[in-house]
Amino acid sequence: MHVTRPELTILYKDRFTAVVDKPGGLLSVPGRRPENQDCVVNRLRRLYPDCIKQPAVHRLDMYTSGLMVLALTKEAHRHLCRQFEQRSVEKLYIAVLNGIVSQVSGEITLAFRLDTTNRPHQVYDPARGKPGTTVWKKLQCADGKTRVEFRPLTGRTHQLRLHAAHALGLNCPIAGDRLYGGGAEGEPMLLHASYLSFQHPDSGRRMEFSSPAPF
């Protein structure tokens, strides 16, 4: 059976960095199994053979779409990783949630850890979990759904999905989220990385990229 692969859009590329618009359904980095080798990193390496072996400096979940920056040299990789560690990279996401959020805006901080008996699911654990913080604001409500903007201040695994779905967060899972909501097989998850800003690792210039949500 022929499987259609989602397209990867290259928005910017120079000797040091590349910025891509990742489609939902494409892995950011390769998985362990042979069937999980199609990903942003391997596609980029095929396009640019001089790229370092591991250009990823951050990831988007497989079913999250939107903007990613990748490093093409070791020096750029170190520089960009340091920016993420220091939280100087700015990111904004657009999501559609199942349910009506009554508040207008807010900040969520919750601690989660991996559920080792149910990977890759994350569970709330204020004692042993790592805290993640997200600033959010409501954009629109319609047809029992809420459109929100997320600004993550940390980069924990599944952070936005958890902050949306958990009862101590917004208590409204992201539409199409099969792990933390009621998403069905084949249904797109409505979470999109719509804005990305970072310091260029060579020139020092502030780089800004935008991608409108496809939903």
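The values are calculated or read from the model by the stated rules, or taken from the named source; none is laboratory data. If you're wondering where the values come from, they're calculated on a predicted model, not measured in any experiment. Cβ coordinates were reconstructed from backbone atoms using ideal geometry, including for glycine residues, and neighbour counts include every protein chain displayed.
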Handout entry: Subset of segment 125-143 that is of a type outside the set (A, V, I, L, M, F, W, C) and farther than 11 Å from Q159 by Cα - its residue that is surrounded by the fewest Cβ atoms within 10 Å (Cβ to Cβ)
Key = D143
Exercise for the section: Show the residue pairs that are 6+ apart or on different chains and have beta-carbon atoms under 6 Å apart, the first residue being within segment 196-215 and assigned to a strand (DSSP E or B), the second being among the small types (G, A, S). Expected result: E208/S197
Practice task
Please work out if L70 is under 23 Å from A18 (Cβ atoms), without any contact (Cβ under 8 Å) to a residue 60 or more places away in the chain, surrounded by 15 or more Cβ atoms within 10 Å (Cβ to Cβ) and in contact with a helix residue (DSSP H, G or I) (Cβ under 7 Å, 6 or more places away or on another chain).
Solution key: yes
Handout entry: Every pair of residues 6+ apart whose Cβ atoms lie under 7 Å, when the first sits in segment 16-42 and is closer than 24 Å to K74 by Cα and without any contact (Cβ under 8 Å) to a residue 24 or more places away in the chain while the second is assigned to a strand (DSSP E or B) and aliphatic (A, V, I, L, M)
Key = C39/L27
Practice task
Mind listing just one residue for me: the one in segment 1-57 that is assigned to a loop (DSSP other than H, G, I, E, B) and polar (S, T, N, Q) and, of those, surrounded by the most Cβ atoms within 10 Å (Cβ to Cβ)?
Solution key: S28
Practice task
Identify all residues within segment 177-215 that are among the small types (G, A, S) and under 24 Å from L11 (Cβ atoms); write none if there are none.
Solution key: A193, S194, S197, S203, G204, S210, S211, A213
Practice task
Considering (1) farther than 30 Å from A184 by Cα; (2) part of a strand (DSSP E or B); (3) not small (G, A, S), say which one H79 fails and leave the rest.
Solution key: (2)
Exercise for the section: Can you tell me which residue within segment 110-130, out of those that are in contact (Cβ under 8 Å) with a residue 24 or more places away in the chain and part of a strand (DSSP E or B), is farthest from H163 (Cα to Cα)? Expected result: L114
Practice task
Please enumerate the residues belonging to segment 144-164 that are buried (at least 16 other Cβ atoms within 10 Å of the Cβ) and farther than 18 Å from A193 by Cβ.
Solution key: K145, T146
Practice task
Report yes if K145 is over 17 Å from L60 (Cα atoms), at pLDDT 95 or above and touching a Cys at 6+ places or on another chain (Cβ under 9 Å), otherwise no.
Solution key: yes
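Please work out if T117 is of a type in the set (S, T, Y), at pLDDT below 95 and out of contact with any Leu (no Cβ under 7 Å at 6 or more places or on another chain).
For T117, the condition - of a type in the set (S, T, Y), at pLDDT below 95 and out of contact with any Leu (no Cβ under 7 Å at 6 or more places or on another chain) - is met.
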Practice task
For H163, work out the one condition from (1) assigned to a helix (DSSP H, G or I); (2) touching a Lys or Arg at 6+ places or on another chain (Cβ under 8 Å) it doesn't fulfil.
Solution key: (2)
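Just give me the residues in segment 92-102 being out of contact with any Ser or Thr (no Cβ under 8 Å at 6 or more places or on another chain) and in contact (Cβ under 8 Å) with a residue 40 or more places away in the chain, in sequence order.
Matches in segment 92-102: A95, N98.
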